[in-house]
1. If you scan segment 193-226, which residues turn out to be in a loop (DSSP other than H, G, I, E, B), surrounded by fewer than 19 Cβ atoms within 10 Å (Cβ to Cβ) and at pLDDT 95 or above?
2. Looking at segment 502-515, is at least one residue within 27 Å of the chain's Cα centre (by Cα) and modelled with pLDDT of 95 or more?
3. Please go through segment 269-298 and give me each residue that is part of a helix (DSSP H, G or I) and among the hydrophobic types (A, V, I, L, M, F, W, C), ordered by number.
4. Filter segment 113-169 down to the residues that are surrounded by 21 or more Cβ atoms within 10 Å (Cβ to Cβ), of a type in the set (Val, Ile, Thr) and not in a loop (DSSP other than H, G, I, E, B) and list them by number.
5. Scan segment 48-80 for residues that are within 22 Å of residue 396 (Cβ to Cβ) and either assigned to a helix (DSSP H, G or I) or in the same structural domain as residue 379 (by TED's automatic domain parsing) (or both) and report the count.
6. Read through the list (1) assigned to a loop (DSSP other than H, G, I, E, B); (2) surrounded by fewer than 19 Cβ atoms within 10 Å (Cβ to Cβ); (3) in contact (Cβ under 8 Å) with a residue 24 or more places away in the chain, then give the number of the only condition that residue 458 fails.
7. So is residue 175 within 17 Å of residue 104 (Cβ to Cβ), of a type in the set (A, V, I, L, M) and assigned to a helix (DSSP H, G or I) or not?
8. Please indicate, with yes or no, whether at least one residue in segment 35-56 is closer than 19 Å to residue 554 by Cα and modelled with pLDDT under 95.
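The values are calculated or read from the model by the stated rules, or taken from the named source; none is laboratory data. Here the structure is a predicted model, which means the values were calculated and not measured. We place every Cβ from the backbone using ideal geometry, glycine too, and count neighbours over all the protein chains shown.
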Amino acid sequence: MKKIYCIYIVLFVFGLFVLESCQDLDLNPLSEGSSENWYSTEAEIEMSLNGLFRIVFWPAEKNYDWTDDHQGRATLTPITNGTINGEWSTSNTIWKNAYKAIARANVLLSNMDKAEEIGISQTKINQYIAEALFVRAAQHAILCSYYGDVVYVDREITIEEAYKMSKTPKAEIMARVYQDIDSAVVYLPITVSGGVQRVTKGAAYAFKARYALYNEDWEIAVEAAQNCIDLGIYELHPDFSNLFLASTKKSKESIFVLPRSIEYESILYGAGAIMGFVPRNRGGYASEYPSWELFCSFLCTDGLPIDKSPLFDRKNPFKNRDPRCAATIVEFGTTHLGVVYDPNPKATMVYDYQKGQNITNMDCKSGSQYASYNGLILKKGVDTTWVSHSFKVDPDYIIIRYADVLLMYAESKIELNEIDETVLNAINSVRARAYGVNVTATSQYPAVTTTDQNELRKIVRIERRMELAYEGLRYMDIIRWRLAEKALNRPSYGLLDKDLLNQLVTLGFWFFPEIPEIDEDGIADFSSMYNKKFIKLIVQRSFNADRQYLWPIPSKEVLINDSLKQNPNY
């Protein structure tokens, strides 16, 4: 068995570098550090550092389909189907790439003596060391968030050592992560220039805050978030709705991003994935879309959930809602990608502004049985560039932005019960931006005023869901809040088939015949509508709380290393 995985172990230990095509470069040239002569020039060191910021090393931050925010017709992922195991390819890839990045960082750190020999300034050497420390810390933190206790590697190791290494307790690893970031931040620049992404002080502070939050190290999270805020160089983008478009580059809200470029074939999603989000009226599949649970999580303009607010109108469900609702999900009857989007089964024709005429509406059940199963379509970040470049799109790949830092600061202070004006201001700044007003204009948005810890805990959690939808953060939120067993053990519902749906239209309603009940965790219950046959069960989610709060260690790693024990119940 050891021979079978020998090549992988070599990759793990030495971080061998492979020349790849331009499409895989992700705007950053790869290093090829397996040569004994590597690191002999400043350019080679720069290439090695650039290679640490390839998108393959930072994929785990962007998975929207692991949660109750998303629906993909009747399909499930291994997470939402409760079938993850040690053979799961996603887990294996994240594990492999994280340790590959860690190995490369360690190799680079061990070769910094060469940088001095070839005359690189101490200032640059310090920055190189800081960047490698940041990557090593971030990758270990990502591993801990999914697997719990993992193998900690802070030096180059031999194959023999790799076969014998066991897990280090997560708390011990996180202490070293914080230490590495603290060492790095001293020498990291405040800003960087050029198209190649490199890490800054703000990114280091933000990462430290994120993973301190994930590990309930509240004091550390508060301090790190405050340090990021105090840099004074980040601010909320003035328009929430266009922050995520491909045309918006290098926003002052972006703290850590990987730039994308169609020109260099460095795109965010492949054509198939893009077409899944594009409406059928514009040549897409409409097969991937926001869930009803996400739609219901957006508050009304009075700051109340839809089942408590007198402002909610189930016949006009986007009316009087937090602006982020219509900025995230396409509002019925509005123009999207040049065509009016209307999933009402009676809307058999819609206007196509591209053609200047009415067309058959393929985005309602009367036009196509494969129209969005629940009537919703994603709008956040989606504009005409999604269909004008052969279904290729290149918005910045945002890993951390300023709004997230503000909400992390607020949440950590709430958990410490250190509730003061800064907590309310952090939440209200994010909310006010959504309404397009200044945070002081409290009559123009539902400003948060309560100082009750339990109430604020609920508020900040809902705020995160509204603000950060489809940014890959919901999964770790429901994991760390221990809500996954509730959120992911409920069915996905959708619209009835055409004939039955048309009967509801005749009765005067079709989308939400009733207002679903929203529980204290902001999770909607559609069972009453289903029991009355007003909606259709699409697929049943499943989450096993006895094991799924941690991922399994890849089976092949356990098989080749007797010292590496599998996580419980796998």
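1. Matches in segment 193-226: 216 only.
2. Within segment 502-515, not a single residue is within 27 Å of the chain's Cα centre (by Cα) and modelled with pLDDT of 95 or more.
3. Pass one, segment 269-298, residues part of a helix (DSSP H, G or I): 271-277, 280-282, 292-297.
271, 273, 274, 275, 277, 292, 294, 295, 296, listed by residue number.
4. Matches in segment 113-169: 135, 142, 150.
5. Result for segment 48-80: 9.
6. Every condition holds for residue 458 apart from (1).
7. For residue 175, the condition - within 17 Å of residue 104 (Cβ to Cβ), of a type in the set (A, V, I, L, M) and assigned to a helix (DSSP H, G or I) - is not met.
8. yes
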